[in-house]
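Written out below as structure tokens is the structure these notes cover.
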Amino acid sequence: MSRTPRPLPTPGRFLRVDGVPLHVLTEGSGPVCVLSGGLGMAWFDWDAVAALLAPHRTVVRFDRPGLGLSAPAPAPPTLAAEADRIAHLLDALGHFGPATVVGHSLAGFHAEAFARLHPDRCAGAVLVDGSVEERPRPRLPRALRTAWAGGLAGAL
């Protein structure tokens, strides 16, 4: 008789932040360092970095809404909302002092926005392979962008 192995429990926990259940993993002790992944990244993509930081820092990894194990957000993201999400995540974890925020790729915009909008909460910002917009194009209205993205996602 063969047994199907049970899946291992997922490390971390789920916290409701701004109404969205987020998967969060905290490890280590010391000054707080938040690791925010780029588009399509999940908490486990930071394993090697977290292992190096955890002996010296409290490392917070989280899956942004709709990525990894976190639930999707009810509205499209904005820089201000992503910066606030980091602040509210820290609040939910009981970390009210300054934190270093590391943003990879797209999340580099979020880390920069956090530093700009929450300067009293930011001990530092690290941009890893940060994205850049050299020649910004005029933006279409949000409703049109959202409809276009939804149509494209449906087609894919």
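A few points about this structure:
- Which listed residue, of G124, G103, is closer than 17 Å to T78 by Cα and touching a residue at least 12 places away in the same chain (Cβ under 8 Å): G103
The rows are residues; the columns are (1) within 12 Å of the chain's Cα centre (by Cα); (2) over 20 Å from G12 (Cα atoms).
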site	(1), (2)
V60	yes, no
A71	no, no
G97	no, yes
H104	yes, yes
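- Residue count for the range 82-99 under the criterion of being touching a Ser or Thr at 6+ places or on another chain (Cβ under 9 Å) and closer than 14 Å to G124 by Cα: the result is 2.
- In summary, strands (runs of 3 or more DSSP E) completely within the range 17-121 and bearing 1 or more residues that are buried (at least 18 other Cβ atoms within 10 Å of the Cβ) and touching a Cys at 6+ places or on another chain (Cβ under 6 Å) occur at 58-62, 99-104.
- With respect to (1) polar (S, T, N, Q); (2) open to solvent by less than 50 Å² (accessible area, probe 1.4 Å); (3) at pLDDT below 80, the lone exception for T146 is condition (2).
- Top-ranked residue in the range 1-16 [being in a strand (DSSP E or B) and closer than 17 Å to V59 by Cβ; ranked as least open to solvent (accessible area, probe 1.4 Å)]: L15
- Hits in the range 124-143 - residues which are open to solvent by 70 Å² or more (accessible area, probe 1.4 Å) and within 25 Å of W43 (Cα to Cα): L127, D129, V132
The values are calculated or read from the model by the stated rules, or taken from the named source; none is laboratory data. All values derive from a computational prediction rather than experimental measurement. Heads up, the Cβs are rebuilt from the backbone with ideal geometry, glycines too, and the neighbour counts pull from every protein chain shown. The area values use the complete protein model at the heavy-atom level, side chains included, leaving out ligands, DNA and RNA. Shrake-Rupley method; radii C 1.70, N 1.55, O 1.52, S 1.80 Å.
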